Structures are given as structure tokens and as C-alpha cells.
Amino acid sequence: MAYYAHPTAVIDEGCQIGEGSKIWHFCHVMPQSTIGERCILGQNVVVSPNVTLGNNVKVQNNVSIYTGVICEDDTFLGPSVVFTNVINPRSFIERKNEFRTTLVKKGASIGANATIICGVTLGAYSMVGAGAVVTKDVPDFGLVVGNPARLTGWVSRFGHRLHFDAEGQATCPESRETYKKTEQVVVWIR
């Protein structure tokens, strides 16, 4: 077997799971979902139909990833992160044809107990603070916190807060990579 699944995990037929991935206790991976290589699903994770997880995605305990969610490579979903897929759910009205796509771009991290309202895009290497409620798009390298989540700063690919000088440049203290900010856009200078 190219991946590991704990004996208590339920893996439905019709899903794809990449080599080196690990699926732990009490997880449920549903049909037509795709999990990339080297992913880790912690305890009690649900991956609904038509969800896509890229390579090296880390999902902590107690996360339900609903239909319409796409997580690109190297994304991190903290414990008890909540995704939605319908903007106005009602138990007596079926709205499966109204599911909205939520995109978590490469390298983005979502903190514990954050809620991501459907239809938003979390930019590459962005960071969502613990407990935040994200109701609108987050830019690449953006740091958002609060309810509703607000942009409060910028982070590097390594997750460190960036402090920009008068010329709009910042250096990551760990990687020494540099970044350039113009208005509300941050780019990584390779």
C-alpha cells in the first residue's frame, strides 16, 4: 500500500490517496476526493466528496473539509478548523447546487478553531490567526486575525512577521529571503 490508514479510518472507494500519506484514527475519506502525496490527516478528520488536497498538506485533529474546498500544496489546517460550503444553510432546503469553492493557496496556514466562510481565497503563504472568522479573500503573505478577520500585517514563507522599511522591503529573520510591498501587495524576491 502506498499510504497508511489506521484501522479505524474509513476510506471509501473512488477516492485517490497519494504515496506516503498517513490517515489516522477515526478519519473518513469520501468518494471522488483527492489527497496528494505525503499528507497527514490527524484524528477525526472528514474529507468530503470532490475535495482536493495537494501534496504535503497537514490537517490537524477534528477538521471537516467539505465539498468545494481545495487546498494546494504545503497548506496547514490547525485543530478544529471549520469550513462551510453554503452561504445560507437551512435543514429543510437542499442547496447542494449552491456549494461555493474555497481555495487555500500554496503554503497558507490556518490557526486552531478558525472558521472559513465559503467562497473565499486564502492567498499563498497567508496566515489565519487562531479563532479568526474569515469572510473575505486574504492576500498572498497576508496575516489576518479576529472576527471578522482583518488584515493586520504580513508574514514570510517561513511564517515570520515582516517589517517593511521606507522603501517597502523586508527580510525574513529565519530564511533571510527578501520581500517587497507596494500598496496592499507583497511579493517574494527570490
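Laboratory data are not the source of any read-out in this text; all were calculated from the coordinates shown. What you see is a predicted model, and the numbers here were worked out from it, not measured in a lab. Using ideal geometry, Cβ is built from the backbone for each residue, glycine included, and neighbour counts are taken over all protein chains shown.
Looking at segment 145-156 only, could you name the residues that are in a strand (DSSP E or B), surrounded by fewer than 17 Cβ atoms within 10 Å (Cβ to Cβ) and not small (Gly, Ala, Ser)?
150, 151, 152
Given (1) surrounded by 14 or more Cβ atoms within 10 Å (Cβ to Cβ); (2) under 25 Å from residue 51 (Cα atoms); (3) not aromatic (Phe, Trp, Tyr), where does residue 95 come up short, assuming only one miss?
Of the numbered conditions (1) surrounded by 14 or more Cβ atoms within 10 Å (Cβ to Cβ); (2) under 25 Å from residue 51 (Cα atoms); (3) not aromatic (Phe, Trp, Tyr), the odd one out for residue 95 is (1).
Would you check which residues across segment 150-163 are closer than 16 Å to residue 125 by Cβ and not polar (S, T, N, Q) and list them?
Of everything in segment 150-163, those that are closer than 16 Å to residue 125 by Cβ and not polar (S, T, N, Q) turn out to be 151, 153, 154, 155, 157, 158, 159, 160, 161, 162.
One line per residue, one yes/no per condition, for (1) part of a loop (DSSP other than H, G, I, E, B); (2) of a type in the set (Val, Ile, Thr); (3) out of contact with any Gly (no Cβ under 7 Å at 6 or more places or on another chain); (4) under 18 Å from residue 76 (Cβ atoms):
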residue	(1), (2), (3), (4)
106	yes, no, yes, yes
143	no, no, no, yes
158	yes, no, yes, yes
170	no, no, yes, no
176	yes, no, yes, no
187	no, yes, yes, no
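Can you report the number of residues in segment 144-174 which are more than 15 Å from residue 188 (Cα to Cα) and within 16 Å of the chain's Cα centre (by Cα)?
3
Looking only at segment 42-86, which residues are under 20 Å from residue 130 (Cβ atoms), crowded, with 22+ Cβ neighbours inside 10 Å and among the hydrophobic types (A, V, I, L, M, F, W, C)?
Of everything in segment 42-86, those that are under 20 Å from residue 130 (Cβ atoms), crowded, with 22+ Cβ neighbours inside 10 Å and among the hydrophobic types (A, V, I, L, M, F, W, C) turn out to be 45, 57, 59, 63, 65, 69, 71, 77, 81, 83.
Considering only residues of segment 1-24 that are under 21 Å from the mean Cα position of the chain (by Cα) and of a type in the set (A, V, I, L, M, F, W, C), which is nearest to residue 53 (Cα to Cα)?
17
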